[in-house]
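In what follows, a structure is listed as structure tokens, so that the remarks can point back to it.
Taken together, the values in this text are just the output of simple stated rules run on the coordinates, not laboratory data. Predicted model only: the values in this text are computed from it and were never measured. Don't worry about glycine lacking a Cβ; one is built from the backbone with ideal geometry, like all the others, and counts go over all protein chains shown.
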There are 2 protein chains.
Amino acid sequence: MNGILVVGSVALDTVKTTEGSSCDALGGSATFFSLAARCFAPVALVGVVGLDFPAEHRALLCARGIDVSGLKTAPGKTFRWSGKYGKDASVAETLATHLNVFKDFRPKLDETQREVPVVFLANIDPELQAEVLAQMKSPALVAADTMNFWIGSKPDAIKKLLSKVDIFFCNEDEAEALADRPNPLQAADVIASWGPSVVVVKKGEHGALMRVASRFYIFPPFPLASIKDPTGAGDTFAGGFLGYLASCGVYDDVDHLKRAMAYGSVLASFNVEDFSTRNIENLDRDRIDERFHDFVDRMSVPRADELLKTRARTVSA
Amino acid sequence: MNGILVVGSVALDTVKTTEGSSCDALGGSATFFSLAARCFAPVALVGVVGLDFPAEHRALLCARGIDVSGLKTAPGKTFRWSGKYGKDASVAETLATHLNVFKDFRPKLDETQREVPVVFLANIDPELQAEVLAQMKSPALVAADTMNFWIGSKPDAIKKLLSKVDIFFCNEDEAEALADRPNPLQAADVIASWGPSVVVVKKGEHGALMRVASRFYIFPPFPLASIKDPTGAGDTFAGGFLGYLASCGVYDDVDHLKRAMAYGSVLASFNVEDFSTRNIENLDRDRIDERFHDFVDRMSVPRADELLKTRARTVSA
């Protein structure tokens with residue numbers, strides 16, 4: 001198949017924020033990523049759920065065109081995460097993590113999956129990420145994410161993995177911890193030295209930073225008057241980013257990467273406007289592009305010669 | 001005269017950051033503002049210093065073309081502030097504030113000063129800001145800033161002042177405190193309802209937000225690998241912003257205001273790269289414009305038709 005392969009978690013999340021709460025709602029890194037990326041390109045999801053995984057969740061993913069033939073059902077319960085957010089939406093306090101069937105997750109890719117050109121190794125054990133990557137035939141683009149837990153417990157495995165990764169996504173504090181640097185730019189320089197040609201540092205409600213060929217590009221967030229639930233924003237960002245690139249078939253051009261950053265921001269903004277996957281499960285490319293153009297207008301700085309044209313028009317009107 | 005009148009503090013700052021320290025260095029809101037704005041337009045400074053104010057500081061301001069005829073010397077000591085910053089450069093811990101001669105600051109504008117078209121009421125007692133404004137003949141643009149101290153002690157005076165202000169600058173936490181809202185966008189909506197047609201919310205190392213005609217524009221910060229001293233960044237931002245507008249003589253056009261935001265960000269980025277006024281005292285418009293264009297490139301999202309051109313060029317090359 002053409003498109004994107006994502007390997008990661010499919011979970012049931014219980015979340016409390018200043019705006020409300022949700023209980024055992026559809027979540028997980030591969031879920032958020034898939035629902036965002038499928039708006040741009042075909043997506044195949046590899047993951048595992050338990051016998052208690054609601055049929056309607058699988059049906060939803062199917063109905064959105066996501067290939068869930070790689071979403072296995074194992075005896076036991078589905079991975080569950082519960083957390084809460086205070087005023088600062090970028091900091092989640094984990095209340096409980098039950099890995100359940102996810103504990104024994106050992107993805108085996110089939111022949112079709114091994115030939116997908118773009119692979120996203122969502123946040124799982126970095127040794128598992130490497131195992132999955134080793135099964136891929138010759139991907140055109142390898143992207144990965146990680147999290148604090150693995151940075152603390154398996155930093156060397158992450159560094160080893162990164163030597164084979166083209167685009168690495170991580171949060172600001174994770175980048176600083178992984179690279180042992182006090183600033184996201186310094187951290188991205190160190191991380192890039194380990195392999196990735198593109199390092200994307202997500203700053204939550206403060207936007208995101210991208211390092212390409214030693215140069216930093218910086219993007220504000222789409223402005224929102226309230227954030228209902230930030231869960232999954234990072235994976236939705238990666239889904240919009242990689243989905244856009246996959247739809248273009250261009251992976252190394254700065255202009256395409258800049259547009260991918262804006263698409264990532266737009267997808268993340270839709271995600272945080274409601275709990276769980278509620279807002280992104282009904283997105284289509286038209287609604288995305290409408291907000292994309294709105295976003296670009298809100299952050300664009302007109303050139304001086306464009307100004308003169310405007311003034312001339314005003315004066316002559 | 002043409003240009004900008006600024007009324008605010010001229011101070012001697014003692015600052016400690018993670019990158020070093022400075023002692024009794026030139027500071028104050030009117031100082032930072034003036035050194036930024038004078039790169040764009042003539043600036044007249046109204047303030048007060050004590051008998052201990054070093055002659056070389058006054059000479060520096062003069063040498064940079066700033067009209068310091070309104071900088072009075074009063075018996076007593078110059079306003080002194082001392083503070084320190086931790087890892088989070090956006091939060092200053094005040095160690096000591098000695099108002100000294102600034103305590104009795106009652107600015108009286110002369111005839112020339114009263115006719116300046118653009119006035120910036122830097123962070124001083126809001127009742128004093130109103131007194132200064134009442135002395136102005138018919139300014140084309142009135143801008144003001146404030147700080148936590150006045151928001152806590154004289155919120156009603158600030159609200160009253162804002163009914164006569166066109167552009168209001170404040171920090172994110174100050175906006176939220178003044179408007180009693182948990183989000184900068186909601187806060188800016190409330191503040192705009194009190195009068196200002198433009199509300200600029202500065203988010204420190206996370207960029208800035210602008211509200212014009214109910215619409216929000218959002219800008220990332222210029223990316224820096226280290227911040228030496230954030231003191232004065234907000235006033236330098238306002239200096240670049242208003243200096244640019246004054247140089248154009250256009251105060252209500254969104255495209256000009258967007259460029260003003262980018263100039264503000266660029267001036268603030270120069271300021272935080274060194275202690276006190278060291279880095280901004282030697283700026284000129286060429287260096288500013290060089291970074292401005294660099295900044296715009298780092299944050300711009302190419303249009304789809306621009307991409308196609310690039311691809312065509314790549315293919316045909």
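Some notes on this structure:
- Taking the label point 7 Å along Cα→Cβ, B:ASP88 and its counterparts in the other copies are spaced 0.5 nm apart, in ascending order.
- Debye equation applied to the C-alpha atoms of the stretch A:162-267, log10 I(q)/I(0) at 0.11, 0.20 Å⁻¹: -0.31, -1.02
- Distance between modelled label sites at A:LYS103 and A:ALA59, nm, 7 Å Cα→Cβ extension: 3.2
- Each listed q (0.13, 0.19 Å⁻¹) maps to a log10 I(q)/I(0) for the stretch B:217-317 from the Debye sum over equal C-alpha point scatterers, namely -0.54, -0.92.
- Considering helices alone, the calculated mean residue ellipticity of chain B at 222 nm is -12000 deg cm²/dmol, with DSSP H runs of length four and up weighted by -39500 (n - 2.57) and normalised per residue.
- Degrees between helix B:254-271 axis and first principal axis of chain B (Cα, 0 to 90, nearest 10): 70
- The stretch A:183-195 - phi-based ³J(HN,Hα) in whole Hz, Karplus 6.51/-1.76/1.60, Gly and Pro as x: 9, x, 6, 4, 4, 5, 4, 5, 4, 4, 5, 8, x
- Our Cα-only numbers for the stretch B:2-96 put the radius of gyration and Dmax at 14.0, 41 Å.
- Shortest-first nm distances, B:VAL296 label point to equivalent points in other copies (7 Å, Cα→Cβ): 1.7
- Sequence-separation-based contact order of the stretch A:1-58, relative, with Cα cut under 8 Å and 6+ spacing, percent: 41
- Size descriptors for the stretch A:70-142 (Cα atoms only): Rg and Dmax, in that order, 15.7, 46 Å.
- The stretch A:176-234 versus the stretch B:127-160: alpha-carbon centroid distance in Å: 38
- A simple rule links phi to the HN-Hα coupling: the Karplus curve 6.51 cos²θ - 1.76 cosθ + 1.60 with θ = phi - 60°, which for the stretch A:144-161 gives 8, 10, 8, 8, 3, 4, 6, 5, x, 9, 9, x, 5, 5, 5, 4, 4, 4 Hz, with x for Gly and Pro.
- Percentage relative contact order, the stretch A:11-97, counting C-alpha pairs under 8 Å, at least six apart: 32
- Relative contact order for chain B: 18 percent, from Cα pairs under 8 Å spaced at least 6 residues apart, divided by residue count.
- Amide hydrogen neighbours beyond the local backbone of A:VAL49, cut-off 5 Å, H modeled: A:LYS72, A:THR73, A:ALA74
- The GluC sites (Glu not before Pro) of the stretch B:122-208 include none that DSSP puts in a loop with a beta carbon having at most 11 other beta carbons within 10 Å.
- Electrostatic tally near A:HIS98: other residues with Cβ closer than 15 Å to its Cβ, Lys and Arg +1, Asp and Glu -1, net -1.
- R0 of 30 Å, Cβ-Cβ distance B:PHE149-B:ARG215: FRET efficiency to nearest 0.05: 0.45
- Where Rh is the Kirkwood radius over Cα pairs, Rg/Rh for chain B: 0.98
- Net charge dipole size for the stretch A:46-201 [Lys, Arg +1 and Asp, Glu -1 on Cβ; Debye, nearest 20]: 420
- Radius 13 Å from Cβ of A:TRP150, net charge of other residues (Lys, Arg +1; Asp, Glu -1): -2
- Neighbour count of at most 12 Cβ within 10 Å plus DSSP loop: longest trypsin sites (Lys or Arg not before Pro)-free window in chain A: A:138-317
- Counting from the shortest, the label point at B:GLN186, 7 Å from Cα toward Cβ, is 3.6 nm from the same position in each remaining copy.
- Distance between modelled label sites at B:LEU95 and A:ASP88, nm, 7 Å Cα→Cβ extension: 2.4
- Net charge, A:LEU12 excluded, C-beta distance under 12 Å - Lys, Arg +1, Asp, Glu -1: -1
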